[in-house]
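The structure appears right after this line, and notes come after that.
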Amino acid sequence: MTLEEKIKNAIRDIPDYPKKGIIFKDITTVLNQGDLFSEIIDHFAGKYQNIDFVCGIEARGFIFGAPIAAKNKKGFVPIRKKGKLPSTTVAEKYALEYGFDEIEIHIDAFRNIKNPKVLIVDDLIATGGTAEAAVKLVRKLGAEVVATAFLIELTFLEGAEKLRNMGIKVDSLVKF
Ligand code: AMP
C-alpha cells in the first residue's frame with residue numbers, strides 16, 4: 001500500500017460534526033498508529049530540509065509541524081488563536097462561515113533572522129481561510145513561505161486554489 005492509501009484507510013469520517021452537513025475528518029485514528037504517524041513525519045521532513053522554521057497552526061498543525069521541525073533540527077513556531085501567545089504579537093483576522101476568527105504569531109518568532117524560509121503546516125485545508133491568514137502573518141514578519149503542507153486537502157472547497165493565487169505552493173498528502 002502507498003502512504004496515501006494507508007492514510008485514507010486510517011482516517012475516520014464523522015458525519016454531522018461539529019454541525020449538521022459537515023463530514024469531519026478525524027485524524028486521531030491516524031495518529032495512534034505509530035508506524036503510520038512516523039512515516040508521515042518522515043515524508044514531510046524529507047521534502048523540506050532546506051528551510052529555517054516550521055510554523056504550525058493551532059491546534060492540529062502542532063501535532064505534525066513540531067516533529068517535522070525537530071527531525072530536521074529546525075525551529076518550531078506556533079501560530080495560535082487570539083489571546084494565547086504571552087509576548088508581543090502580530091494578528092490577522094479571517095472570515096469563518098459565521099463571523100470572524102483571529103490568529104497570532106510572536107513578533108520575534110523568527111529570532112530576527114533575515115528573510116527566513118518557512119514551511120507552514122496544518123492537518124487539513126478546507127476553504128483555505130485559516131492558511132491564507134497564516135501566510136499573511138508569516139509574510140508580515142518578512143519571512144518567505146516556501147510551501148504550505150497539509151495531511152488532507154478537501155479539493156471541492158478550492159482552498160488550495162486560493163493559496164496558489166497568492167503565489168504559495170500547496171503540498172497535500174491526501175485529497176478528497
Ligand atoms: P479552512 O480555514 O476552511 O481551510 O479550515 C481549516 C481548518 O479547519 C483546519 O485547521 C482544520 O483542522 C479544520 N477543518 C475544516 N474542515 C474540516 C473537516 N471537514 N474535518 C476536519 N477538520 C476540518
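The values are calculated or read from the model by the stated rules, or taken from the named source; none is laboratory data. What you are looking at is a predicted structure, and each value in this text was computed from that prediction instead of being measured. Methodologically, a virtual Cβ is constructed for each residue, glycine included, from the backbone with ideal geometry; neighbour enumeration extends over all protein chains shown. Each accessible area value is taken on the protein alone, full model and side chains, heavy atoms only, with ligands, DNA and RNA left out. Shrake-Rupley method; radii C 1.70, N 1.55, O 1.52, S 1.80 Å.
Residues of segment 30-60 that are without any contact (Cβ under 8 Å) to a residue 12 or more places away in the chain, more than 15 Å from the chain's Cα centre (by Cα) and open to solvent by less than 70 Å² (accessible area, probe 1.4 Å): G34, F37, S38, G46. For segment 13-36, a residue qualifies if it is within 10 Å of the ligand (Cβ to nearest atom) and of a type in the set (A, V, I, L, M), and the qualifying residues are I14, I22, I23, I27. Considering the conditions (1) closer than 17 Å to A45 by Cα; (2) open to solvent by 50 Å² or more (accessible area, probe 1.4 Å), R164 is excluded by exactly one of them, (1). Being of a type outside the set (S, T, Y), open to solvent by 40 Å² or more (accessible area, probe 1.4 Å) and under 17 Å from the mean Cα position of the chain (by Cα) is true of P78.
Give the residue that is surrounded by the most Cβ atoms within 10 Å (Cβ to Cβ), with candidates limited to residues of segment 119-135 that are within 23 Å of G46 (Cβ to Cβ) and near the ligand (Cβ under 9 Å from one of its atoms). So, considering only residues that are within 23 Å of G46 (Cβ to Cβ) and near the ligand (Cβ under 9 Å from one of its atoms), the one surrounded by the most Cβ atoms within 10 Å (Cβ to Cβ) is A131. Going by what's in this entry, would A10 be described as within 15 Å of the ligand (Cβ to nearest atom) and open to solvent by 50 Å² or more (accessible area, probe 1.4 Å)? No, not satisfied.
Picking from G46, G56, which residue would you name as being part of a strand (DSSP E or B) and at negative phi?
On the way: G46 fails: part of a strand (DSSP E or B).
The match here is G56.
Residues in segment 108-134 that are closer than 18 Å to L85 by Cβ and part of a helix (DSSP H, G or I): T130, A133, A134. Scanning segment 139-158 for residues that are under 18 Å from R60 (Cβ atoms) and either open to solvent by 50 Å² or more (accessible area, probe 1.4 Å) or in a helix (DSSP H, G or I) (or both) returns a single hit, L157.
Of the residues screened, L163 is not one that is more than 13 Å from the chain's Cα centre (by Cα), among the hydrophobic types (A, V, I, L, M, F, W, C) and within 14 Å of the ligand (Cβ to nearest atom).
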